[in-house]
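The values are calculated or read from the model by the stated rules, or taken from the named source; none is laboratory data. Computed from a prediction, not measured in an experiment: that's the story for all the values here. Don't worry about glycine lacking a Cβ; one is built from the backbone with ideal geometry, like all the others, and counts go over all protein chains shown. To get the accessible areas, we keep the full protein, side chains included, count just its heavy atoms, and leave off ligands, DNA and RNA. Shrake-Rupley method; radii C 1.70, N 1.55, O 1.52, S 1.80 Å.
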Amino acid sequence: MDTLAARIAQIYERIAAAAGRAGRAPSEVRLVGVAKTHPPELVAEALAAGLADFGENRVQEAQAKIAALATERTRVRWHLIGHLQSNKAKRAAELFDMVHSVDSLHLARALARHTLVSEDRESRIEDGAPQPECDPQSSILDPRRLPVLLQVNVSGEASKEGFDLAGWQARPAALEAFLAEAEQILALPGLAVRGLMTIAPWGSDPEQARPTFRAAQQLRELLAQRLPGAGWPELSMGMTDDFEGAIEEGATIVRVGRAIFGSRA
Ligand SMILES: *Cc1c(COP(=O)(O)O)cnc(C)c1O
């Protein structure tokens, strides 16, 4: 039967198989259902089927959906996965449980500033909303900090968004510039940097995405050595067409839209 619940169960099976191929536990991979363009009713259905993490790429659309599902708020983790303009940082800091798309120091500062004064976040924490696991390796133990990922463009193709780290292994100056900015972001009191996010180049052959995934994983390992303060536990990569390869290459969060909710208009 092709129900939403059956599709979610299938994705979990494929996640477990891909994790197994890489010698990893399925529990190391979190599935984020990307509900953009789909109505809140579908999110409610997915929530009833056991999915608790949802991704949106536009603040305005997410705001309406989050409001429509307000009674479920403490059971859901909302992830912002799309590009964020600094002038929407205040709303994003209030609405989301994790922002994957931090792509500049300027944006990080804006998010950090607004997170610390967000009463919405404060009251959600008091209501017992699920918080990201604290990383005992790091100093991030304050639940008021907004968990974020730094979006990196390691392919140079997919989009112009993300810190420019295309071919970073051969571009020491670009790498050092990024490390210097990342260090400043780590020092912002309102944010908890949890890792990296990347988007692979679009292509019909999912194997084409593998070098991008590998470069992102290698960058995460380098960051864990050079800037150990954050621990860098998370790596958000892989979508409907390529999430299995992403898991084999080390993804801890996959962002799956069409395979769960169907094609978008
Ligand atoms: C839309 C989107 C996804 C999900 O894409 P699908 O191909 O539908 O799985 C994942 N990540 C980002 C950043 C997106 O914008």
Where residues in region 121-158 are in a loop (DSSP other than H, G, I, E, B), modelled with pLDDT of 80 or more and farther than 27 Å from residue 170 by Cα, which of them is most open to solvent (accessible area, probe 1.4 Å)?
144
So the check is Cβ under 6 Å with 6+ separation or different chains; which pairs have a first residue in region 184-201 that's open to solvent by 50 Å² or more (accessible area, probe 1.4 Å) and a second one that's away from the ligand (no atom under 16 Å from the Cβ)?
184/105
Out of curiosity, is residue 62 over 17 Å from residue 262 (Cβ atoms) and within 13 Å of the ligand (Cβ to nearest atom)?
yes
Selection from region 70-80 of residues that are within 14 Å of the chain's Cα centre (by Cα) and open to solvent by 20 Å² or more (accessible area, probe 1.4 Å)
77
Qualifying residue in region 89-111 (condition: surrounded by fewer than 18 Cβ atoms within 10 Å (Cβ to Cβ), at pLDDT below 95 and among the hydroxyl-bearing types (Ser, Thr, Tyr))
no
Single residue of region 251-265 satisfying the filter (of a type in the set (D, E, K, R) and surrounded by fewer than 19 Cβ atoms within 10 Å (Cβ to Cβ)) that is nearest to the ligand (Cβ to nearest atom):
258
Selected residue (only one of 184, 217, 151 is in contact with a Leu (Cβ under 8 Å, 6 or more places away or on another chain) and within 16 Å of the ligand (Cβ to nearest atom)):
151
Restricting attention to region 234-250, the residues that are closer than 14 Å to residue 151 by Cα and open to solvent by 10 Å² or more (accessible area, probe 1.4 Å) number exactly 1
Index of the failed condition, residue 206 passing every other in (1) away from the ligand (no atom under 16 Å from the Cβ); (2) over 20 Å from residue 23 (Cα atoms)
(1)
Residue check, residue 224 open to solvent by 10 Å² or more (accessible area, probe 1.4 Å) and over 20 Å from residue 237 (Cβ atoms):
no
Enumerate the pairs (first residue in region 218-234 and in a helix (DSSP H, G or I); second residue anywhere and surrounded by fewer than 15 Cβ atoms within 10 Å (Cβ to Cβ)) with beta-carbon separation below 7 Å, excluding pairs fewer than 6 apart on the same chain, so at least 6 apart or on different chains.
226/179; 229/139
Out of the residues in region 204-221 meeting the condition of being more than 17 Å from residue 168 (Cα to Cα) and in contact with a helix residue (DSSP H, G or I) (Cβ under 8 Å, 6 or more places away or on another chain), tell me which one is surrounded by the fewest Cβ atoms within 10 Å (Cβ to Cβ).
207
